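Chemist: Sharing a structure below in structure tokens format, with a few things to ask.
The values are calculated or read from the model by the stated rules, or taken from the named source; none is laboratory data. In this text, all values refer to a predicted model and were calculated from it rather than measured experimentally. Ideal geometry is used to build each Cβ from the backbone, glycine not excepted, and the neighbour counts take in all protein chains shown. The protein model used for the area step is the full one, side chains on, heavy atoms only, and it has no ligands, DNA or RNA in it. Shrake-Rupley method; radii C 1.70, N 1.55, O 1.52, S 1.80 Å.
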Amino acid sequence: MKAQDLSKHQWENRILVLMIDQETDIYQKQMKFLQDHEDGLKDRKLLVYTARANQLSIGLKEKNTIPDSSIYNNYKKNNGNFEMILIGLDGSVKERYKAVTKPDDIFKTIDKMPMRRAEMRRDKGW
């Protein structure tokens, strides 16, 4: 299978990559938080990827799993088992989270971004 290229999402979607070595309670808790806030994710054009050393899952349900190590190898910086990386519309890394993070805290980070602020103004007709 061809390696995933996140640049295909540039200017269309923000991406939250959960980097894990193995499934842990921390990972499960983070996924549950995100699943409980699907509307907020959708509103912010935020896609969720789970990257492992040799596998990539796309979405919150992890139904789309493919053998792939490119994203894990390109973005993994933390030596721990869990890290999340927020990638903006421009394709750059905006934030790295090393612990379970409430979606509202992720949303606050996104909502401060200039492009997101412009989206909110457009959506409200300002």
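Chemist: Express the relative contact order of the chain as a whole percentage, based on alpha carbon pairs under 8 Å and six or more residues apart in sequence.
Modeler: 31
Chemist: Of the accessible area of segment 24-126, with the probe set at 1.4 angstrom, what percent is carbon plus sulfur?
Modeler: Here carbon and sulfur together make up 49 percent of the probe-accessible area.
Chemist: Okay, moving on. Between Val93 and Lys8, what's the calculated FRET efficiency when r is the beta-carbon distance and R0 is 22 Å? Round to 0.05.
Modeler: It comes to 0.85.
Chemist: Then there is this: Please name which of Gln22, Ala118, Pro103 has its Cα lying farthest along the dipole of segment 3-126 towards the positive end, using unit charges on Cβ (Lys, Arg +1; Asp, Glu -1) and the Cα centre as origin.
Modeler: Ala118
Chemist: Taking H placed 1.01 Å from N in the peptide plane, check which residues at least 5 places from Lys94 or on another chain put their amide H under 5 Å from its amide H.
Modeler: Leu86, Ile87, Gly88
Chemist: What fraction of the DSSP beta bridges in the chain is antiparallel, stated in percent and rounded to the nearest 5?
Modeler: Counting only bridges with both partners in the chain, antiparallel ones make up about 75 percent.
Chemist: Would you mind working out the accessible area per residue for the chain, using a 1.4 Å probe, and quoting it in Å²?
Modeler: Value returned for the chain: 58 Å² of accessible area per residue.
Chemist: For the chain, what is the charge dipole size about the Cα centre, in debye to the nearest 20, if Lys and Arg each add +1 at the Cβ and Asp and Glu each add -1 at the Cβ?
Modeler: The dipole of the chain has a size of about 360 debye.
Chemist: Sum -39500 (n - 2.57) across every DSSP H segment of at least 4 residues in the chain, then divide by the residue count to get the 222 nm mean residue ellipticity, nearest 500.
Modeler: -9500 deg cm²/dmol
Chemist: Once the Cα atoms of helix 114-124 and of the chain are each reduced to a long axis, what angle between those two axes, in degrees from 0 to 90 to the nearest 10, is obtained?
Modeler: 50
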